[in-house]
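Bear in mind that the values in this text are calculations on the coordinates, not laboratory data. All figures in this text were calculated on a predicted structure; none of them were measured in a lab. We place every Cβ from the backbone using ideal geometry, glycine too, and count neighbours over all the protein chains shown.
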Amino acid sequence: MAEQARVTSIEAIEAFRSSLIVFLSKARPTLEEVSAELARTRQWLQNDQRRYWQKELALRTRKLERAQSELFSATMATVGEPASDRQMAVRRAREAVREAEEKLKAVKKWDRELENRADPLIKQVDQLHHYLTTRMTKAVAQLANVVKTLESYADIQSPAASEPPPAPPATTPDSTGKDAP
């Protein structure tokens, strides 16, 4: 014969079920927010930052070419004496191009790093989200069925327990004063 369950409080099961529902209502949106935040970060790196630094690199390269052209023109005009302000402009433009190249390189590196580091974690988050939406939803329904079953069982047991025990057979005293069977 199977072991019997010793349920002492149906209310405790119902309280646990209610707490599980509250937990699920908070956990699912949190996991969805984590996924959305990663998508926003990925979008920012892959599109916004990459495009920004590509445009910035092109702009700075054009400025460098213009500064070099002006330096060449100034050098040719003064034959032998390059203009120091033009040389300074070329140095600044080269530095700006170098900085843009480094930034673009860093954005590409972090895009790869984000993929490598985040993908395994996102898979785990997705698995947890799936577990919460499928298995835990079924668990809540199962707990509701358990509560109903236990309440039905308690209702069946209660009427029998509340009836008074049968009274012993009535006896009448005989003429000797003893109870007759």
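If R0 is taken as 22 Å, the Cβ-Cβ distance between ARG117 and ARG51 corresponds to a FRET efficiency of 0.45. Give the lysines reachable from LYS105 as a straight Cα distance under 19 Å; neighbours fewer than 8 places away on the same chain don't count. In chain and number order, the partners are LYS55. Using C-alpha pairs under 8 Å with a sequence gap of at least 6, the mean separation divided by the residue count of region 21-154 gives a relative contact order of 36 percent. For ALA83, nonlocal amide neighbours, meaning residues 5 or more places apart or on other chains whose placed amide H falls under 5 Å from its own, are THR75. Were the residues from GLU65 through GLU99 laid out at 0.36 nm apart, the gain over their Cα-Cα distance would be 10.6 nm.
The modelled label-to-label distance for the pair PHE23/VAL7, using points 7 Å beyond Cα in the direction of Cβ, is 2.0 nm.
Restriction of the GluC sites (Glu not before Pro) in region 1-61 to DSSP coil positions whose beta-carbon has at most 15 other beta-carbons within 10 angstrom yields GLU3. With K and R counted +1 and D and E -1, the other residues having a Cβ less than 13 Å from that of LYS123 yield a net charge of -2.
Straightening the chain between MET136 and ILE156 buys 4.2 nm, computed as 0.36 nm per residue apart minus the Cα-Cα spacing.
Would you mind checking region 122-138 for residues with the amide N under 15 Å from a putative spin-label position 7 Å along Cα→C-beta of SER35? Of the residues in region 122-138, 122-135 have backbone N under 15 Å from the label point off SER35.
Here the spin labels are modelled as points 7 Å beyond Cα on the Cα-Cβ line, and at TRP110 and TRP44 they lie 0.8 nm apart.
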